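The values are calculated or read from the model by the stated rules, or taken from the named source; none is laboratory data. Just so it is clear, the model here is predicted, and its values are computed rather than measured. Every residue, glycine among them, receives a Cβ derived from its backbone with ideal geometry; neighbour counts consider all protein chains shown. Surface accessibility is based on the protein's heavy atoms, side chains included, excluding ligands, DNA and RNA. Shrake-Rupley method; radii C 1.70, N 1.55, O 1.52, S 1.80 Å.
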Amino acid sequence: MLSMIDISIIIPAYNLGDYIVRCVDSLLNQGLTNFEILLIDDGSTDNTGIICDELAIKDSRVKVTHKPNGGVNTARNIGLKIAKGRYITFIDGDDYLKADTLKGAIEIIERDSNVGFVQFREIAVENNNEDVKYKAEFGRLSDHRDMFSALIGKDPVIPGGLYGKLYRRSIISGITLREDMQFCEDMIALPEIITRCPVIASSKIGGYCYVQRSGSAMHSAFTPKKCLDVARLKNRLFNVAHEYDIESA
């Protein structure tokens with residue numbers, strides 16, 4: 001039987017020794033106490049694994065799993081299997097949350113049992129400069145066409161990542177994230193998640209800070225594998241746009 005933990009925070013971490021402490025510290029500054037931080041060390045070759053173990057010694061809410069390198073979704077899938085929270089969120093180990101982001105989101109999702117997930121503001125961080133990219137001011141959406149328009153329409157207001165959202169466990173339960181993709185591997189899961197949601201909501205409290213760095217997968221050079229992954233995503237989104245009659249940019 002699951003213990004009554006409010007939120008499971010799943011963090012894949014590969015060679016993020018310079019970032020992971022900031023990430024975890026931001027999660028300990030959320031105005032909450034009843035949560036777990038699941039650090040999934042994806043076969044790091046730097047000091048990430050050691051730092052994760054040290055963080056777990058300092059705070060019992062931090063739990064570490066070490067695994068051979070297999071990609072970010074293999075780490076997320078392990079996190080989903082062991083998560084005990086009523087709600088689930090993902091954060092990349094080089095990113096961080098503004099104070100009270102999770103507190104604000106959990107207040108919204110607990111007010112309405114129909115809300116499948118709450119979207120946070122997204123803030124791009126480059127050279128320590130923060131720039132709000134998605135304000136998350138759409139409020140409440142209860143029609144799937146409106147939800148997908150908000151994701152892939154002409155003026156999208158929902159970021160395409162798995163991160164930056166607080167999910168109700170029942171919405172994401174049973175979903176296995178694709179492990180054969182190394183790029184766009186998170187956005188391709190969103191159509192299935194959204195179709196499970198009677199309602200999605202947004203929160204203007206805090207925000208998800210997405211750190212722009214040259215060594216990340218998003219900013220690395222294109223390869224034939226990355227091109228294939230992009231094609232897979234575009235095909236999936238094209239089918240969604242056709243099904244819901246959405247005009248994209």
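In segment 141-248, which strands (runs of 3 or more DSSP E) lie fully inside it and hold 1 or more residues that are at negative phi, crowded, with 18+ Cβ neighbours inside 10 Å and in contact with a helix residue (DSSP H, G or I) (Cβ under 6 Å, 6 or more places away or on another chain)?
165-168, 199-202
Yes or no: residue 51 touching a Gly at 6+ places or on another chain (Cβ under 8 Å), open to solvent by 20 Å² or more (accessible area, probe 1.4 Å) and more than 15 Å from residue 89 (Cβ to Cβ)? Before you say what the answer is, go through the steps one by one.
Working: touching a Gly at 6+ places or on another chain (Cβ under 8 Å): yes; open to solvent by 20 Å² or more (accessible area, probe 1.4 Å): yes; more than 15 Å from residue 89 (Cβ to Cβ): yes.
Yes: the conditions hold for residue 51.
Of everything in segment 78-134, what is open to solvent by 40 Å² or more (accessible area, probe 1.4 Å), in a helix (DSSP H, G or I) and of a type outside the set (Lys, Arg)? Give them in sequence order.
Initial filter on segment 78-134 (open to solvent by 40 Å² or more (accessible area, probe 1.4 Å)): 78, 81-82, 84, 86, 98-100, 103, 107, 110-111, 113-114, 121, 126-134.
Adding the requirement that they be in a helix (DSSP H, G or I) leaves 78, 81-82, 103, 107, 110-111.
Across segment 78-134, the qualifying residues are 78, 82, 107, 110.
Within segment 176-193, which residues are under 14 Å from the mean Cα position of the chain (by Cα) and touching a residue at least 40 places away in the same chain (Cβ under 8 Å)?
Result: 177, 184, 185, 186, 187, 188, 193.
Checking residue 9 against (1) at pLDDT below 95; (2) crowded, with 21+ Cβ neighbours inside 10 Å, which single condition isn't satisfied?
The failed condition is (1).
Does residue 31 qualify as being at pLDDT below 95, in contact with a helix residue (DSSP H, G or I) (Cβ under 7 Å, 6 or more places away or on another chain) and either assigned to a loop (DSSP other than H, G, I, E, B) or open to solvent by 40 Å² or more (accessible area, probe 1.4 Å) (or both)? First the steps, then the outcome.
Values: at pLDDT below 95: yes; in contact with a helix residue (DSSP H, G or I) (Cβ under 7 Å, 6 or more places away or on another chain): yes; either assigned to a loop (DSSP other than H, G, I, E, B) or open to solvent by 40 Å² or more (accessible area, probe 1.4 Å) (or both): yes.
Answer is yes for this residue.
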